[in-house]
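S.K.: I have a structure here, written as structure tokens, and I will follow up with some questions on it.
The values are calculated or read from the model by the stated rules, or taken from the named source; none is laboratory data. Bear in mind the structure is a predicted one, so any value in this text is a computation, not a measurement. Cβ placement follows ideal geometry from the backbone for every residue including glycine, while neighbour counts extend to all protein chains displayed. For accessibility, only protein heavy atoms count, side chains too; no ligands or nucleic acids. Shrake-Rupley method; radii C 1.70, N 1.55, O 1.52, S 1.80 Å.
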Amino acid sequence: MKAALKTADGTFSVEDVDRPELPGPDWVMIRVRVAGICGTDLRHWRKHEHDLAGHIMGHELAGDVVDVGGEVDNVTVGDRVVAETVLGCGKCEYCRARRYNICPDLYATRTKTVSRAYGQFLVAPASHVYRLPDHVSFEEAALVDTLSVCLHAQHLSGLTVNHRVAVIGAGPIGLGQLMLAKASGADVMIVDPVDSALALAQELGADLTVNPERDDVATAMGSMTGGRGADIVFECAGGPSMPETLPLATRLVRRGGKVVIVGGFDPGVTEIGLEWQRIQMSEIQLIPSASFAWADLDKEQGEVVELIGKGRLPVEKLVTHRFPLARINEAFACAESKQQTGAVFVAIEM
């Protein structure tokens, strides 16, 4: 099969590799049709990470089933599906408590099988495979992972109707957070320095959009909330911007409010200056959010598939660019240069 292998310099080389085999009777083989590029992928782009050289990367995907083990009864060959790539070891206390998103061996486990979206075929346990409604496209389904991250963050936040919300970052995660908040009856301000992303946020229902390079974000938040501040702030930018965006999030939130940290940290980050006295005296809650798993009786990824199927999340509007696998390096360069390209979600067609 064709697959994009990570090189030592952090780009990709498309090569022929062996097709995976089913590890057991409760596993499924998927022919990947669309894979996506997310912020996590971009944090590895053009970085010299020798431990990843030669690996197949990618964790946002949709495709169709081409083989199933003898014990699989939830999908059959030919089904159009999305695969959940948050896969823990299945043995530790966190996995047993259905919190496999914080499994100590999560990364090592998932990268062996399900987190290989930039290859034409991959295998996944049947428990992590969801059938798609007929009217949901592979492109839309490739965004299920993104929206599942957002749904997990919203569940942690306790967001409900009429909350005043700020979302920092208008990439796929931030815009997904916006869509879920609006679907839940909240008022939302979204902050991002890319005007094309803010225009899309307006189209998706943002009540206020703010460009921090020319607008006073705190003043805008105050005008929206009568000077009180946001009930909940979602930090969705992450990466190298975190030393600026996390302190901003704590300044935008009201006393007794919540800051949900959705954006990822770069490795080795240990010092980000926050006004700790104000945070303590105001009882501001800082809530880290990591991937997704279960919420009460339901798997969060299954919930997102259902929400997209019902038309409540217009995810198709997030897909701005498409590239074939052979042009994956161009796809990453496009996603990285969103200020110039207007990229939001870049789809790789397999």
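S.K.: Of everything in region 171-190, what is touching a residue at least 60 places away in the same chain (Cβ under 8 Å) and either among the small types (G, A, S) or open to solvent by less than 20 Å² (accessible area, probe 1.4 Å) (or both)? Give them in sequence order.
M.R.: G171, G174, L175, G176, Q177, M179, L180, A183
S.K.: Give region 109-139 a look and list any residue that's part of a loop (DSSP other than H, G, I, E, B) and aromatic (F, W, Y), or say none.
M.R.: Start the filter on region 109-139 by keeping residues that are part of a loop (DSSP other than H, G, I, E, B), which leaves 111-118, 120, 132-137.
Within region 109-139, Y118 is the sole residue that qualifies.
S.K.: While we're here: Exactly one condition in (1) surrounded by fewer than 20 Cβ atoms within 10 Å (Cβ to Cβ); (2) farther than 23 Å from A347 by Cα; (3) within 24 Å of the chain's Cα centre (by Cα) is false for G88; which is it?
M.R.: Every condition holds for G88 apart from (1).
S.K.: Give the residue that is farthest from G39 (Cα to Cα), with candidates limited to residues of region 284-298 that are among the polar types (S, T, N, Q) and open to solvent by 30 Å² or more (accessible area, probe 1.4 Å).
M.R.: Initial filter on region 284-298 (among the polar types (S, T, N, Q)): 285, 289, 291.
With the extra rule that they be open to solvent by 30 Å² or more (accessible area, probe 1.4 Å), the set shrinks to 285, 291.
Numbers: Q285: 25, S291: 13 Å.
That would be Q285.
S.K.: Could you identify the single residue in L147, L200 that is assigned to a helix (DSSP H, G or I), open to solvent by 10 Å² or more (accessible area, probe 1.4 Å) and within 17 Å of V315 (Cα to Cα)?
M.R.: Numbers: L147 fails: open to solvent by 10 Å² or more (accessible area, probe 1.4 Å).
That would be L200, the only listed residue that is assigned to a helix (DSSP H, G or I), open to solvent by 10 Å² or more (accessible area, probe 1.4 Å) and within 17 Å of V315 (Cα to Cα).
S.K.: Looking at (1) over 18 Å from the mean Cα position of the chain (by Cα); (2) surrounded by 21 or more Cβ atoms within 10 Å (Cβ to Cβ), can you tell me which one V161 breaks?
M.R.: For V161, the failing item is (2).
S.K.: Let me ask something else about it. Looking only at residues that are in contact (Cβ under 8 Å) with a residue 60 or more places away in the chain and assigned to a loop (DSSP other than H, G, I, E, B) in region 1-20, which one is most open to solvent (accessible area, probe 1.4 Å)?
M.R.: Step one: list which residues in region 1-20 are in contact (Cβ under 8 Å) with a residue 60 or more places away in the chain, which gives 1-4, 11-12, 14, 17, 19-20.
When the remaining residues are screened for being assigned to a loop (DSSP other than H, G, I, E, B), the result is 1, 11, 17, 19-20.
On the way: M1: 40, T11: 33, V17: 38, R19: 119, P20: 37 Å².
Looking at the filtered set, the residue picked out is R19.
S.K.: Which pairs turn up if I take residues in region 270-283 that are open to solvent by 80 Å² or more (accessible area, probe 1.4 Å) and look for partners that are modelled with pLDDT of 95 or more with beta carbon separation below 8 Å, at least 6 apart in sequence or on another chain?
M.R.: Between residues of region 270-283 that are open to solvent by 80 Å² or more (accessible area, probe 1.4 Å) and residues that are modelled with pLDDT of 95 or more, the close pairs are E275/P247; E275/T250; E275/R251; E283/R255; E283/G256.
S.K.: Could you list all residues from region 67-85 that are open to solvent by less than 20 Å² (accessible area, probe 1.4 Å), closer than 16 Å to R131 by Cβ and not small (G, A, S)? Before the answer, list the steps.
M.R.: Going residue by residue through region 67-85, those that are open to solvent by less than 20 Å² (accessible area, probe 1.4 Å) are 69, 75, 81-85.
Okay, now just the ones that are also closer than 16 Å to R131 by Cβ, so 75, 81-84.
V75, V81, V82, E84 - these are the residues of region 67-85 that are open to solvent by less than 20 Å² (accessible area, probe 1.4 Å), closer than 16 Å to R131 by Cβ and not small (G, A, S).
S.K.: Filter region 21-42 down to the residues that are open to solvent by less than 30 Å² (accessible area, probe 1.4 Å) and assigned to a helix (DSSP H, G or I) and list them by number. Please lay out each step first, then the result.
M.R.: Just the residues of region 21-42 that are open to solvent by less than 30 Å² (accessible area, probe 1.4 Å), to begin with: 24, 28-30, 32, 34-38, 41.
Scanning region 21-42 gives a single hit, D41.
S.K.: To continue, here is another question. How many residues are outside any strand (DSSP E or B) and out of contact with any strand residue (DSSP E or B) (no Cβ under 8 Å at 6 or more places or on another chain) when one looks only at region 276-310?
M.R.: So in region 276-310, the residues outside any strand (DSSP E or B) come out as 276-284, 289-293, 296-297, 300-310.
Cutting the leftovers down to out of contact with any strand residue (DSSP E or B) (no Cβ under 8 Å at 6 or more places or on another chain) gives us 276-278, 280-281, 290-292, 296-297, 304, 306-310.
Selection size over region 276-310: 16.
S.K.: Determine which single condition A237 fails, assuming it passes every other condition in (1) within 27 Å of R43 (Cα to Cα); (2) in contact with a Gly (Cβ under 6 Å, 6 or more places away or on another chain); (3) of a type outside the set (D, E, K, R); (4) open to solvent by less than 20 Å² (accessible area, probe 1.4 Å).
M.R.: All conditions are met except number (4).
S.K.: Take the conditions buried (at least 16 other Cβ atoms within 10 Å of the Cβ), under 22 Å from the mean Cα position of the chain (by Cα) and modelled with pLDDT under 95 and apply them to G264. Does it pass?
M.R.: Considered against the rule, which asks whether it is buried (at least 16 other Cβ atoms within 10 Å of the Cβ), under 22 Å from the mean Cα position of the chain (by Cα) and modelled with pLDDT under 95, G264 comes out as yes.
S.K.: Which condition from (1) open to solvent by 90 Å² or more (accessible area, probe 1.4 Å); (2) modelled with pLDDT of 95 or more; (3) under 30 Å from T11 (Cβ atoms); (4) part of a helix (DSSP H, G or I) is the one that N329 breaks?
M.R.: Exception for N329: condition (1).
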